[in-house]
Amino acid sequence: MRTDHRAEPAEPAAGVPGHGATAVAHPNIALIKYWGKRDERLMIPYVDSLSMTLDVFPTTTTVRLDPAARADGVTLDGSPAEGEARRRVVDFLELLRERSGRSEPAVVDTRNSVPTGAGLASSASGFAALALAGAAAYGLDLDRTALSRLARRGSASASRSMFGGFAICHAGRGAGAAADLSSYAEPVPVPDFDPALVIVLVDTGAKAVSSRTAMRRTVETSPLYRAWATSSKADLAELRAALRRGDLDAVGEIAERNALGMHATMLAARPAVRYLSPATVAVLDGVLRLRSDGVSAYATMDAGPNVKVLCHRADAARVADAVRGAAPGCSVVTARRGPGARLQTEAGR
Ligand code: PMV
């Protein structure tokens, strides 16, 4: 993995003249999680979610229309994408063609600076960058709200990476077109709340069960799912109030219980989905020890074993040391709030 986690990945191959655009997007980590879709085709979540966009691990994606090609070309970190990864990008390109009324195939080149599919939100940065670059390449003139709605069709968490800082993704109401229109992300302005998120990479291998499969199984079989979705609504209201107060302890407590609750729903699925590993639990113990030593530190985990610890910026080095001690061998990256997705202009290159 790259060691400069803030640097944008190597520039994709230069495009030929024609319709093309490059976009950069950062991943986001949800403090109130989205888990479960009520419409898998339109990618409409069951619950609202709220996240912090990071300043590390950017994805850079170039989309270039290629009228001479017979099919879309998709490369991920320089190698041809295959299977599910390719299919998701091609489906997204189909959506762009349908919306724009154009028919040209595209060449998509994506560079991730974060391991793909390891529960590190690579699908959030990936589909945010693809939505922005793809919309520009196919000539769609969309505002940020519409772009967040479009990114949601690739991955619901990607809608939030359209915005920097904190963002909420609305689950929306109704079905079909009404659901599509009402499910989008928007910024949650809390300019003075600027914590650190210490990311503990306990395992960067691809997950055994995709989040798509895991959430479907959880919704269909877990007796705990509905209870979590209900309590998540209350968590969101409390978290928004805590963010407005700039109360890191309250934000952390709510985020930690929301994440643990989400993992509990998966553990109760049939068969169980368990992303948390022994190293995850060791880091969670380390976080508890920090708290009993008076350090404000709170954990959240996504669809993978890696842990993200929310803390004050002034405590980040101490938290990083503590988690290294708790899970020897893991690597640790400290993030802060980062920018929303943006197009790279020729001048900005
Ligand atoms: O965006 P997806 O489909 O990869 O789902 C991931 C959902 C979580 O990361 C577990 C939670 C979230 O809200 O980001």
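The values are calculated or read from the model by the stated rules, or taken from the named source; none is laboratory data. For clarity, every value in this text was computed on a predicted model and none was experimentally measured. Because the Cβ atoms are built from the backbone with ideal geometry, glycine has one as well, and the counts that use them run over all protein chains shown. What goes into the accessible areas is simple: the full protein's heavy atoms, side chains included, and nothing from ligands, DNA or RNA. Shrake-Rupley method; radii C 1.70, N 1.55, O 1.52, S 1.80 Å.
For residue 103, the test of being within 12 Å of the ligand (Cβ to nearest atom), of a type outside the set (A, V, I, L, M) and open to solvent by 20 Å² or more (accessible area, probe 1.4 Å) is failed.
Looking at this structure, is residue 220 of a type in the set (Asp, Glu), open to solvent by 10 Å² or more (accessible area, probe 1.4 Å), closer than 20 Å to residue 341 by Cα and not in a loop (DSSP other than H, G, I, E, B)? Spelling it out, it is not the case that residue 220 is of a type in the set (Asp, Glu), open to solvent by 10 Å² or more (accessible area, probe 1.4 Å), closer than 20 Å to residue 341 by Cα and not in a loop (DSSP other than H, G, I, E, B).
Please work out if residue 324 is more than 29 Å from residue 210 (Cβ to Cβ) and either open to solvent by less than 30 Å² (accessible area, probe 1.4 Å) or more than 23 Å from the chain's Cα centre (by Cα) (or both). Spelling it out, residue 324 is indeed more than 29 Å from residue 210 (Cβ to Cβ) and either open to solvent by less than 30 Å² (accessible area, probe 1.4 Å) or more than 23 Å from the chain's Cα centre (by Cα) (or both).
Here residue 91 meets the list (1) surrounded by fewer than 19 Cβ atoms within 10 Å (Cβ to Cβ); (2) of a type in the set (D, E, K, R); (3) more than 16 Å from the ligand (Cβ to nearest atom) almost entirely, failing just condition (3).
Consider segment 222-240 and keep the residues that are more than 13 Å from the ligand (Cβ to nearest atom) and closer than 14 Å to residue 264 by Cβ. The one that is farthest from the chain's Cα centre (by Cα) is 223.
Filtering segment 108-118 to residues that are at pLDDT below 90 and open to solvent by 10 Å² or more (accessible area, probe 1.4 Å) leaves 115, 116, 117.
Which of the residues that make up segment 85-105 are closer than 18 Å to residue 68 by Cα and of a type in the set (Asp, Glu)? Of everything in segment 85-105, those that are closer than 18 Å to residue 68 by Cα and of a type in the set (Asp, Glu) turn out to be 94, 104. Taken together, 255, 237, 241 contain a single residue that is among the small types (Gly, Ala, Ser), free of Cβ contacts under 8 Å to residues at least 40 places away in the same chain and under 20 Å from residue 312 (Cα atoms), which is 241.
The helices (runs of 4 or more DSSP H) falling completely within segment 223-319 that include 3 or more residues that are open to solvent by less than 30 Å² (accessible area, probe 1.4 Å) and in contact with a Phe, Trp or Tyr (Cβ under 8 Å, 6 or more places away or on another chain) map to 225-245, 248-267.
Considering only residues in segment 20-46 that are basic (Lys, Arg) and within 11 Å of the ligand (Cβ to nearest atom), the one that is surrounded by the most Cβ atoms within 10 Å (Cβ to Cβ) turns out to be 33. Filtering segment 71-81 to residues that are open to solvent by 30 Å² or more (accessible area, probe 1.4 Å), at pLDDT 95 or above and in a loop (DSSP other than H, G, I, E, B) leaves only 71. Could you list all residues from segment 47-70 that are open to solvent by 40 Å² or more (accessible area, probe 1.4 Å) and either on the phi > 0 side of the Ramachandran plot or within 16 Å of the ligand (Cβ to nearest atom) (or both)? If the condition is that a residue be open to solvent by 40 Å² or more (accessible area, probe 1.4 Å) and either on the phi > 0 side of the Ramachandran plot or within 16 Å of the ligand (Cβ to nearest atom) (or both), then 48 is the only one that fits.
Residues of segment 154-190 that are charged (D, E, K, R), touching a residue at least 40 places away in the same chain (Cβ under 8 Å) and open to solvent by 50 Å² or more (accessible area, probe 1.4 Å): 186 alone.
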